[in-house]
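In what follows, a single structure is set out as structure tokens and then discussed.
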Amino acid sequence: MQADVVLGLQYGDEAKGKVTHYLTKYKHYTHVLRFNGGCNAGHTIYHKGRKFITHHIPAGVFHGIKSIIGPGCVISPKHLFEEIERLKEGGVDVEGKLFIAENAHVITEGHLAEENKETKIGTTKRGNGPAYRDKYNRTGVRASEISALKPYLINIYEEFFGDTSVQILCEGAQGFGLDIDWGDYPFVTSSHCGLGGVFLNGVSPHWIRDVWGVAKIYETYVGSKSFEPDQAVFQSLRDVGEEYGATTGRPRQCNWMSLDLLQRNARFNSVNKLVINKLDVLRELGQWKLYHKHELLEFGSETKMCEYISGVLDNIEIFFSDDKNSI
Ligand code: IMP
Ligand code: MG
């Protein structure tokens, strides 16, 4: 039994969807498991030349792999069924491929209504916080209680321990910078976005093979804290990088990469493979900068900056990517 993990090392939107899509295409998995979050997530995936945006549904469905929304997730039935419809319209049928853990929790209409206003931290308004709050308050609703979800329900114990040959790709949502415990509280999401979150879904630590950390060569953050320095270059970066939210359409605040944050988050999650995306965006911008040890460093070329990052993160295999279809 083996498991690989894909998780975000910044504030979400690192292009994890691309990495999961790539791995499911080139490696052999029996299952893809979404281990945290709800329909606050927005994964942009390019499949057979078409652009898809998924929220709940794991990327395994694109390759006919059993895809499970795990017990660490919260699900809005309304948004899930809309998503299933949209995938079908794009030629991707999820029937027989999509499953939901019986003990995952539900985002109710009440949760959605409660969050349908501006919040202090600028949430995605998808009822995520209220659903997790009620789960921990023991007043929540499990997926097993909802009739419309019955056809999709799965028992994780039987699924993972009934067979000795499971090979699971664990797909994270959001990023470790938004983690409920290790992010910049209260500007965080309500779930466990890191490696620890995987084990809460019934995956054994003994099965872990690779932990793929995903980052961008610059940072973006969506939410109400002040994040972007007041400089025109970041508006250009936002436009070149198409940094507008996949779920809410909000402009993402931009900044140069913090190598300190990247190193911390990679260490906390035992990352051994790292994909750094969107080099093409900085190339078009023509500036190569990052923060390290409280200083803003500027590099004369892309190669110099990549060499610097590789030198600091020398225990990790790094893949620098400049292509939205592949790594
Ligand atoms: P919530 O997860 O909707 O409660 O929002 C909490 C914070 O996490 C806000 O700053 C959101 O913008 C941010 N957030 C939640 N999901 C994502 C995501 O998938 N990508 C980027 N930011 C997200
Ligand atoms: Mg996203």
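When residues in the stretch 225-246 are screened for being of a type outside the set (A, V, I, L, M, F, W, C) and within 16 Å of ligand 2 (Cβ to nearest atom), 6 of them pass. On inspection, Phe62 passes the criterion of being crowded, with 19+ Cβ neighbours inside 10 Å, at pLDDT below 95 and within 21 Å of the chain's Cα centre (by Cα). If you filter the stretch 123-140 down to residues that are part of a loop (DSSP other than H, G, I, E, B) and farther than 25 Å from Asp13 by Cα, you find that the one that is most open to solvent (accessible area, probe 1.4 Å) is Arg138. Where residues in the stretch 203-218 are out of contact with any helix residue (DSSP H, G or I) (no Cβ under 6 Å at 6 or more places or on another chain) and either assigned to a loop (DSSP other than H, G, I, E, B) or acidic (Asp, Glu) (or both), which of them is surrounded by the most Cβ atoms within 10 Å (Cβ to Cβ)? Among them, the one singled out is Val203. Of the strands (runs of 3 or more DSSP E) that lie entirely inside the stretch 1-113, those containing 1 or more residues that are of a type in the set (Val, Ile, Thr) and within 16 Å of ligand 2 (Cβ to nearest atom) span 2-8, 43-47, 50-54.
With respect to Lys120, is the statement that it is more than 22 Å from the chain's Cα centre (by Cα) and either open to solvent by 20 Å² or more (accessible area, probe 1.4 Å) or of a type in the set (Gly, Ala, Ser) (or both) true? Spelling it out, Lys120 is indeed more than 22 Å from the chain's Cα centre (by Cα) and either open to solvent by 20 Å² or more (accessible area, probe 1.4 Å) or of a type in the set (Gly, Ala, Ser) (or both).
For the stretch 75-100, give me each residue that is in contact (Cβ under 8 Å) with a residue 40 or more places away in the chain and farther than 19 Å from Gly127 by Cα. Matches in the stretch 75-100: Gly90, Gly91, Val92, Leu98, Phe99. With respect to (1) at negative phi; (2) modelled with pLDDT of 95 or more, the lone exception for Thr164 is condition (2). Looking at the stretch 252-277, which of the residues that are basic (Lys, Arg) and more than 14 Å from Gly12 (Cα to Cα) is surrounded by the most Cβ atoms within 10 Å (Cβ to Cβ)? Residue satisfying both the conditions and the ranking: Lys273. Set side by side, the residues Gly202, Gly213, Gly197 differ, and just one is over 19 Å from Ile276 (Cα atoms), within 16 Å of the chain's Cα centre (by Cα) and modelled with pLDDT of 95 or more, which is Gly197.
May I ask you to list the residues in the stretch 148-179 that are over 14 Å from the mean Cα position of the chain (by Cα) and aliphatic (A, V, I, L, M)? Of everything in the stretch 148-179, those that are over 14 Å from the mean Cα position of the chain (by Cα) and aliphatic (A, V, I, L, M) turn out to be Ala148, Leu149, Leu153, Ile154, Ile156, Val166, Ile168. Evaluated against (1) within 16 Å of ligand 2 (Cβ to nearest atom); (2) surrounded by fewer than 20 Cβ atoms within 10 Å (Cβ to Cβ); (3) of a type outside the set (Gly, Ala, Ser), Thr303 falls short on exactly one condition, (1).
State whether one or more residues within the stretch 99-110 are within 16 Å of ligand 1 (Cβ to nearest atom), closer than 29 Å to Gly241 by Cα and crowded, with 24+ Cβ neighbours inside 10 Å. Within the stretch 99-110, none of the residues are within 16 Å of ligand 1 (Cβ to nearest atom), closer than 29 Å to Gly241 by Cα and crowded, with 24+ Cβ neighbours inside 10 Å. Among residues of the stretch 179-199 being buried (at least 20 other Cβ atoms within 10 Å of the Cβ) and more than 11 Å from Leu7 (Cβ to Cβ), the one that is nearest to ligand 2 (Cβ to nearest atom) is Thr189. Counting only helices (runs of 4 or more DSSP H) wholly contained in the stretch 247-327, the ones carrying 3 or more residues that are at pLDDT 95 or above and in contact with a Gly (Cβ under 7 Å, 6 or more places away or on another chain) occupy 259-268.
Per-residue answers, yes or no, for (1) crowded, with 22+ Cβ neighbours inside 10 Å; (2) in contact with an Asp or Glu (Cβ under 8 Å, 6 or more places away or on another chain):
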site: Leu9; (1), (2): yes, no
site: Asp13; (1), (2): yes, yes
site: Lys27; (1), (2): no, yes
site: Cys39; (1), (2): yes, yes
site: Tyr46; (1), (2): no, no
site: Lys51; (1), (2): no, no
site: Ile57; (1), (2): yes, yes
site: Cys73; (1), (2): yes, no
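The values are calculated or read from the model by the stated rules, or taken from the named source; none is laboratory data. Fair warning: this is a prediction, and the values are worked out from it, not measured in the lab. Here the Cβ is made from the backbone with ideal geometry for all residues, glycine too, and neighbour counts use every protein chain on show. Just so you know, the surface numbers come from the protein's heavy atoms only, side chains and all, with ligands and any DNA or RNA stripped out. Shrake-Rupley method; radii C 1.70, N 1.55, O 1.52, S 1.80 Å.
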